[in-house]
Amino acid sequence: MTLRAIAPGEKGALAQLFQLYCYDNSAWCGEDVLADGRYDVCAASLAEYVHAVGHSAYWIDVDGALAGFFITEPCMAGTLPVQEFSDFFILKKYRRRGLALEVVRRVLLGNDTTWMVAMFRDDALANAFWQQAFARLPFARVEPWEDDALPQFHLYLVTPAA
């Protein structure tokens, strides 16, 4: 598995995979498709967003094939600046192989950043994955975070071990 930065010229591919990500989340986010059968994702706006200052977007490649992506962005937890591991998607073909845990290991444990991790409350699979990741990886601290503006999410502040 390799992680490689999504280049600005790859916005079309990112928009396509983001459609699948939206589909995966549609049961708990409540978003409907538009009249053209697609979710409301503009390739140009998505590319601009993921390449903004402080943001990062990476492909997850397995044997040269796209297996997913993740996006990070700066945010605030009260007055504490943190980095949010905001969008994380693995294609179904590549799930249950340990890829997601390895991505989390490389990204969240690869620096001394305090991270915010959010998952939809109704997404049982994501919640189970993250609880397992929190238990298996050497984080110094994992603490729940509440944000009244985001009641649909379980939020956690995660600090890697020193």
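Taking every protein chain into account, the accessible area of the range 79-162 amounts to 57 square angstrom per residue (probe 1.4 Å). Entry note: the range 24-110 has Rg to Rh equal to 0.99, where both radii use alpha-carbon atoms and Rh is the Kirkwood radius. Summing charges over neighbours of A126, with a neighbour being any other residue whose Cβ is under 13 Å away from its Cβ, gives -2 when K and R count +1 and D and E count -1. Helical content alone sets the calculated 222 nm signal of the chain at -9500 deg cm²/dmol, taking -39,500 (n - 2.57) per DSSP H segment of four or more residues and averaging over every residue. Modelled spin-label separation between R105 and Q16, with each label point placed 7 Å from Cα along the Cα-to-Cβ direction: 3.0 nm.
Looking at Q83, A65, A15, which one has the Cα that reaches farthest to the positive end of the dipole of the range 1-130 (charges on Cβ: Lys, Arg +1; Asp, Glu -1)? Result: A65, furthest along the dipole toward the positive end.
Using only the alpha carbon atoms of the chain, find the Kirkwood hydrodynamic radius as the inverse mean reciprocal pair distance, in angstroms to one decimal. Intermediate results must be reported in sequence, preceding the final value.
Working: mean 1/r = 0.0606 Å⁻¹.
Its Kirkwood hydrodynamic radius stands at 16.5 Å.
Between T114 and Q83, the built amide H atoms are under 5 Å apart, and every one of these is 5 or more places off in sequence or on another chain. FRET efficiency for the pair V53 and L80, taken as 1/(1 + (r/R0)^6) with r the Cβ-Cβ distance and R0 = 22 Å, rounds to 0.70.
The values are calculated or read from the model by the stated rules, or taken from the named source; none is laboratory data. Everything numeric in this text was worked out from a predicted model, so none of it was measured. So basically every Cβ, Gly included, is an ideal-geometry build from the backbone, and we count neighbours across all protein chains shown. We work out accessible area using only protein heavy atoms, side chains counted, and drop any ligands, DNA or RNA first. Shrake-Rupley method; radii C 1.70, N 1.55, O 1.52, S 1.80 Å.
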